[in-house]
Amino acid sequence: MRGFLYGVSLQWKLDIRSKTLLITCYIVPLLFFFIMGGIFTSIMPEARNTLIQSMTVFGVTMGALIGLPPSLVEIYSGDIKKVYKANGVPLYLGLALTNISAYIHLFIMSIILYIAAPLVFEAKIPQNPMIYFISLAIFIAVSLSIASIIGLAVKDQEKTSMLSIVAFIPSTMLSGIMFPMKFLPKAFQILGKLFPASWGYEFMTASAFQLESLLPFLLIFILAVVICNILLRRMDK
């Protein structure tokens, strides 16, 4: 219990001084929303029908892939890892607390978009809010699981940032939030399905619960958890 409380206290201090978390979970997604939301709805008025979903997919993907990995590198590739061991804090606790913290921030950001989009751009509220928020909750968790792999596998901040951007760009460009997937070449459509963002957008725009959209999420999440567990075990040796 002492180790757990120490880990929570340390994570709280890291969150307070984390500029990356503030920028990637709030400033950039909301700035993108206010700028691109106006452009999308001006050029394509029908974009209002899915504006909440598309802006949320962008924000969650950015916050997860670009915001989370640097925090994990800071914990597991620096002195914080030694502090964890010295105070009897299990290594997995840093990963868990960082994910929980990022999850809360991304959910708050998503709620802000959900409220602001109809007020600012007359965006259409999802037909079934319950399904939307269930889909959102799953999408955030899966996105963070992928980001966790990057943060644990790469131990250099610069390489982590580079890999995060490499994953982020195709995730958003091939997800369907910029333009319909049907306009993409077949190869790009297949490539887009490898990223959670495309499944998240499809899941959140659905009017009914679709099991076929949930199964890829579960597969990606389980695979990510297994890989993260392997990476943590290697660190503990």
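What follows draws every value from the coordinates through simple rules; no lab data is involved. These figures come from a predicted structure and were not determined experimentally. Note that each Cβ is placed from the backbone with ideal geometry, even for glycine, and that neighbours are counted across all protein chains shown.
Here are some notes:
- In segment 185-212, residue nearest to the chain's Cα centre (by Cα) [restricted to those that are of a type in the set (Gly, Ala, Ser), surrounded by fewer than 20 Cβ atoms within 10 Å (Cβ to Cβ) and within 21 Å of THR56 (Cβ to Cβ)]: ALA206
- The set of residues from segment 125-164 being aliphatic (A, V, I, L, M), over 11 Å from the mean Cα position of the chain (by Cα) and buried (at least 17 other Cβ atoms within 10 Å of the Cβ) comprises ILE131, ILE149, ILE150, LEU152, ALA153, VAL154, LEU163.
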